[in-house]
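In what follows, a structure is listed as structure tokens, so that the remarks can point back to it.
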Amino acid sequence: MLSHQSIYSILTNGWSVSIDKNKANQVQWSKSAFTIAYARRLERTSIFCRDAISVIKSTDTPTIFHYVDPPYYNADMGHYGGYTAADFENLLIVLTQIEGKFMLSSYPSELLDKYSKQAGWHTINIEMYKSSGRGNSSTKTEVITVNYDSDNILQQARLF
Ligand SMILES: C[S@@+](CC[C@H](N)C(=O)[O-])C[C@H]1O[C@@H](n2cnc3c(N)ncnc32)[C@H](O)[C@@H]1O
């Protein structure tokens, strides 16, 4: 609710409101989207509140797929603040050791370049809109990194 209804999707920004009918509908989007589909989607889902590294290690098998979306330590992390370059490097080290497949979202960084090169990971750069799209059209490059051969990484990334 907060990510969809806060000003510019920043959780600590306060409630977004509008007297413009179209904008008000946009602000209210998440309310109408909470359908039974969410309940069904979560039926066979386990949610952990633990350090990601511990979750990755304890669930890893050769057939597992990890989608990894950490805070972007080299950007303004807002309410995700506190995640450091060292945390990101520890995550990258674990990703070099796993048996399963992973897809990682991040911004470009020397750290990522170093581990991608060493491990032979595949990367693709995607131009993303920086904000909610409400008036701000500037873009930023996001990097999708995977540890497997794929012709359609871009298509897969759009599924998340
Ligand atoms: C970029 S957001 C991921 C957003 C998510 N993919 C989504 O679509 O809602 C990064 C998330 O990682 C969480 N996080 C930060 N440090 C973490 C850690 N050490 N282990 C697990 N999660 C962590 C943050 O609280 C935040 O929810």
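The values are calculated or read from the model by the stated rules, or taken from the named source; none is laboratory data. Treat the numbers as computed from the prediction; the structure is a model and nothing was measured. Every residue, glycine among them, receives a Cβ derived from its backbone with ideal geometry; neighbour counts consider all protein chains shown.
When region 5-47 is filtered for residues that are modelled with pLDDT under 75 and within 14 Å of the ligand (Cβ to nearest atom), only Ser30 remains. For region 90-107, the set of residues classified as within 13 Å of the ligand (Cβ to nearest atom), surrounded by fewer than 20 Cβ atoms within 10 Å (Cβ to Cβ) and either under 17 Å from Gly120 (Cβ atoms) or within 17 Å of the chain's Cα centre (by Cα) (or both) consists of Val94, Ser105, Tyr107, listed by residue number. Give the residue that is farthest from the ligand (Cβ to nearest atom), with candidates limited to residues of region 54-74 that are within 13 Å of Asn90 (Cα to Cα) and surrounded by fewer than 16 Cβ atoms within 10 Å (Cβ to Cβ). Ranking the qualifying residues of region 54-74, first place goes to Lys57. Would region 110-129 turn up any residue that is within 13 Å of the ligand (Cβ to nearest atom), over 19 Å from Ser9 (Cα atoms), outside any strand (DSSP E or B) and outside the structural domain of His4 (by TED's automatic domain parsing)? No, that holds for no residue. In region 135-160, of all residues being away from the ligand (no atom under 16 Å from the Cβ) and under 19 Å from Asp76 (Cα atoms), the one that is modelled with the highest pLDDT corresponds to Thr139.
Please work out which residue is surrounded by the fewest Cβ atoms within 10 Å (Cβ to Cβ), limiting yourself to region 75-89 and to residues that are assigned to a helix (DSSP H, G or I), more than 9 Å from the ligand (Cβ to nearest atom) and free of Cβ contacts under 8 Å to residues at least 60 places away in the same chain. Step through it out loud before you land on a result.
In the first step, residues of region 75-89 are kept if they are assigned to a helix (DSSP H, G or I); the result is 78-80, 85-89.
Then keep just the ones that are more than 9 Å from the ligand (Cβ to nearest atom); that gives 78, 85-86, 88-89.
Subsequent filtering for residues that are free of Cβ contacts under 8 Å to residues at least 60 places away in the same chain retains 85-86, 88-89.
On the way: Ala85: 12, Ala86: 10, Phe88: 21, Glu89: 16.
Per the criteria, the residue is Ala86.
Can you confirm whether Arg50 is without any contact (Cβ under 8 Å) to a residue 40 or more places away in the chain and more than 9 Å from the ligand (Cβ to nearest atom)? Spelling it out, it is not the case that Arg50 is without any contact (Cβ under 8 Å) to a residue 40 or more places away in the chain and more than 9 Å from the ligand (Cβ to nearest atom). Scanning region 90-101 for residues that are over 11 Å from Ala52 (Cβ atoms) and part of a helix (DSSP H, G or I) returns Leu92, Ile93, Thr96, Gln97.
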